[in-house]
1. Which numbered condition trips up B:ALA164, out of (1) among the small types (Gly, Ala, Ser); (2) facing another protein chain (nearest Cβ under 7 Å); (3) within 16 Å of ligand 1 (Cβ to nearest atom)?
2. Looking at the range B:87-130 only, could you name the residues that are within 16 Å of ligand 2 (Cβ to nearest atom) and part of a helix (DSSP H, G or I)?
3. Need the failing condition index for B:ARG32 against (1) crowded, with 18+ Cβ neighbours inside 10 Å; (2) of a type in the set (Lys, Arg); (3) within 14 Å of chain A (Cβ to nearest Cβ), just the number.
4. Of these, B:ALA63, B:ALA73, B:ALA48, which one is within 12 Å of chain A (Cβ to nearest Cβ), in a loop (DSSP other than H, G, I, E, B) and within 11 Å of ligand 1 (Cβ to nearest atom)?
5. Which condition number in (1) under 22 Å from the mean Cα position of the chain (by Cα); (2) closer than 19 Å to B:VAL119 by Cα is the one that B:PRO481 fails?
6. Check B:HIS470, B:HIS420, B:HIS493 and return the single one that is at pLDDT 95 or above and crowded, with 22+ Cβ neighbours inside 10 Å.
7. Looking at (1) more than 12 Å from ligand 1 (Cβ to nearest atom); (2) farther than 27 Å from B:VAL319 by Cβ; (3) within 14 Å of chain A (Cβ to nearest Cβ), which is the only condition B:ARG524 fails?
8. Which one of the conditions (1) away from ligand 1 (no atom under 16 Å from the Cβ); (2) small (Gly, Ala, Ser); (3) crowded, with 20+ Cβ neighbours inside 10 Å; (4) within 13 Å of chain A (Cβ to nearest Cβ) does B:GLY148 fail to meet, given that it meets all the rest?
Amino acid sequence: MTTRILTPEELALLSLVQDELVPSYGDLPPAGTLGAALTVDAYLAEQPRLRRPVLTTLRAIEVRAGKAPFAELDAGRRVEVLRKVENADPESFSELVKQTYNAYYTRPDIQASLGIDNPPQPLGFELPAFDESRLSRVRAMGKLWRDD
Amino acid sequence: MAAPELDSDVLIVGSGASGAAAAWSLSRGGLRVTCLEQGRWVDPSEYAHSRPDYELARQTSFAKDPNVRGWAADYPINNSGTPIYPLMVNAVGGSTVHWSGHFPRMRPSDFRVRTLDGVADDWPFTYWDLEPYYDLNDSMVGVSGLAGDPANPPRSPRQTPPLAFDAGCEAYLRGLENLGWHWWPCDNALISEPFGENRSPCNCCGPCDIGCPIGAMSSAHVTYWPKALAQGVQLITHARVEQITVDHAGQATGALYYDDHGVRRSHTAGVVVMAANGVGTPRLLLNSTSARFPNGLANNSGVVGAYLMFHPVAFVSGVFEEVVNGQRGPIGGLMNCQEFYETDLARGFVRGFELQLSRSVGPLSVANGGILGHPVPWGSEHHEALRSRYAHTMTTSVMLEDLPEPENRVTLDPELTDAHGIPAPRVEYRAGENTQRMLEFSIARARELFEAAGAVEILVDPLVQESGWHLMGTCRMGDDPERSVINGWGQAHECSNLFVIDGSTFTTSAAVNPTSTIQAVALRCADWLGRNYRDVAA
Ligand SMILES: Cc1cc2nc3c(=O)[nH]c(=O)nc-3n(C[C@H](O)[C@H](O)[C@H](O)COP(=O)(O)OP(=O)(O)OC[C@H]3O[C@@H](n4cnc5c(N)ncnc54)[C@H](O)[C@@H]3O)c2cc1C
Ligand code: SF4
């Protein structure tokens with residue numbers, strides 16, 4: 001896999017982290033397994049301001065994991081590490097979470113699982129027309145504004 | 001007409017809501033009008049609505065904060081002194097290029113707050129003076145809505161009917177009817193049926209805040225600009241104005257600007273009209289220093305840039321058990337509740353607020369906190385939490401009247417500049433005590449509404465950081481030159497051929513979105529200027 005900003009090691013770590021952030025759900029695989037790390041790598045290439053918080057967070061995760069690599073920790077321990085990193089630098093961590101959500105929820109297959117068949121245009125949505133009879137109580141309230 | 005050696009009779013700076021309306025109005029009478037606009041035309045192909053990743057546009061190419069969006073036309077703003085960030089769009093059509101199109105009018109009492117409530121200042125004219133221009137503006141832009149709201153004076157029939165009434169409206173209605181509060185389908189600057197040329201009616205696609213690709217939204221680039229251009233207005237894009245020039249007598253002579261290639265040019269005119277918005281206009285006037293105006297043009301009073309008003313906004317969201325599909329239908333305009341609009345001192349504050357009962361956003365924006373301000377948690381609870389909110393949430397904006405205070409202001413940053421080296425604005429703002437008391441009270445009312453509507457969870461963002469949509473008051477109107485920059489016709493007290501017509505003109509803020517009033521004021525000023533051009537032109 002060719003990355004633009006992340007090293008292969010960072011990409012692998014990000015992928016594992018993303019599997020904890022957005023885990024599997026029913027038939028849906030977790031975010032990392034779906035390839036969200038590669039999408040985040042593309043975001044980092046396009047938007048340099050995102051690099052510092054994401055890379056800082058990945059480094060902090062490695063450090064917090066201690067001697068054993070993050071990959072070798074069990075699920076409970078991974079989440080514990082992530083919570084600690086989040087508490088230490090919530091701002092950077094939340095950027096990594098945000099970019100993971102960005103990568104995950106822009107996928108048509110994930111959108112389909114939420115009942116979204118198309119982007120908003122060109123079809124839009126058909127909604128019921130406004131029914132003026134609903135206003136009868138309010139109309140009867142009389143004048144509610146002040147004269148000058 | 002001005003002397004033929006002048007480049008134009010009237011030079012307008014800024015092509016947004018007010019600049020577009022004034023360009024159309026002034027050119028009707030045959031004046032030679034030029035508009036300098038730092039931005040460009042947004043190409044319809046740039047809108048993201050047809051892509052699955054459309055929600056990303058809120059964070060990138062169509063972000064509302066220019067510091068995040070970073071278009072070439074955007075200038076940096078130093079926000080370190082304000083909890084509310086100014087938001088704007090720098091393009092042909094200005095901040096109406098991607099907005100929500102909520103289009104309420106101010107009420108008669110809003111123009112008379114000193115007389116009625118003993119605070120701030122009265123406007124130099126009344127609602128009734130402005131009413132014909134509200135009507136004219138509505139007929140130009142196309143509004144959807146319904147006349148007959150008992151909370152407002154009677155008004156002319158709306159151009160197109162109110163928008164759809166769906167499950168989210170039913171949810172709100174449960175609460176409103178339980179509480180017996182006022183509500184009305186609000187006026188929106190968007191068309192629900194065919195109106196105007198090259199525009200399609202709204203198809204309820206949802207994310208108006210990242211622009212409208214079909215021209216349903218009544219943005220200035222699809223309403224006024226085609227007509228103004230047909231009347232011969234010259235619109236120069238990619239033209240960043242650096243300063244307004246003056247002669248030895250202190251009369252405005254035109255502007256210096258940087259063109260598309262970065263070349264510094266001058267444009268001369270008999271009258272200069274500022275329409276660069278509530279941050280851009282004071283910035284330019286403050287940057288236009290001369291021997292006659294050492295503190296900035298028309299600023300010997302020190303009032304330029306002062307009295308900045310936002311509408312401090314809280315978002316209160318109700319999560320419902322049933323599907324309300326808040327992501328469908330125009331994001332902003334649904335219903336207004338003006339139960340608490342007029343002053344009732346028993347509430348602990350003066351003036352009032354409205355509850356804007358709005359919709360919601362798609363799954364990505366819900367996950368990221370979107371307009372809720374509360375991101376969905378990551379980890380094992382993520383999917384259930386997301387599914388409980390997405391398509392189940394409606395969001396109400398609490399919009400309250402912000403009183404004008406001289407300490408809240410736009411100044412020039414001593415260090416920060418834009419790409420052309422022009423000093424950037426610095427914004428200093430804090431919500432006053434009255435505002436804070438009103439915020440607390442209004443959030444409690446919004447909670448009460450959602451409780452009465454049967455929401456299972458209520459989320460509150462008590463002061464939304466990215467909510468400086470409404471930039472008002474920084475070159476305020478008034479009769480007193482010590483407390484105002486311009487008179488009721490937009491004419492500067494200190495420089496008779498300089499006019500200001502944008503959001504900075506507001507004497508007070510009212511508790512409704514400002515743009516229908518901004519455009520009505522611009523039309524009224526332009527009308528007067530058109531009739532009196534010979535007398536005021538340099
Ligand atoms: C996301 C968003 C949502 C909104 N929703 C609503 C809503 O629902 N209802 C409502 O009433 N209002 C809403 N608003 C606010 C509304 O857009 C503004 O009130 C309105 O556009 C202000 O009009 P204006 O003429 O004062 O300035 P603008 O429309 O901002 O126009 C100013 C123009 O001046 C140009 N300019 C500035 N400086 C220079 C310079 N140095 N040289 C050349 N050109 C310059 C800018 O590029 C810009 O095009 C919203 C705004 C935003 C950003
Ligand atoms: S909801 Fe309507 S007005 Fe808003 S973007 Fe979609 S079509 Fe345009």
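The values are calculated or read from the model by the stated rules, or taken from the named source; none is laboratory data. Predicted model, so just to flag it, every value in this text is computed and none were measured. Don't worry about glycine lacking a Cβ; one is built from the backbone with ideal geometry, like all the others, and counts go over all protein chains shown.
1. (3)
2. B:SER95, B:THR96 - these are the residues of the range B:87-130 that are within 16 Å of ligand 2 (Cβ to nearest atom) and part of a helix (DSSP H, G or I).
3. The single condition B:ARG32 does not satisfy is (3).
4. On inspection, the qualifying residue turns out to be B:ALA63.
5. Of (1) under 22 Å from the mean Cα position of the chain (by Cα); (2) closer than 19 Å to B:VAL119 by Cα, only one is false for B:PRO481: (1).
6. On the way: B:HIS420 fails: crowded, with 22+ Cβ neighbours inside 10 Å; B:HIS493 fails: crowded, with 22+ Cβ neighbours inside 10 Å.
When all the criteria are applied, what remains is B:HIS470.
7. (3)
8. B:GLY148 satisfies all of (1) away from ligand 1 (no atom under 16 Å from the Cβ); (2) small (Gly, Ala, Ser); (3) crowded, with 20+ Cβ neighbours inside 10 Å; (4) within 13 Å of chain A (Cβ to nearest Cβ) except (3).
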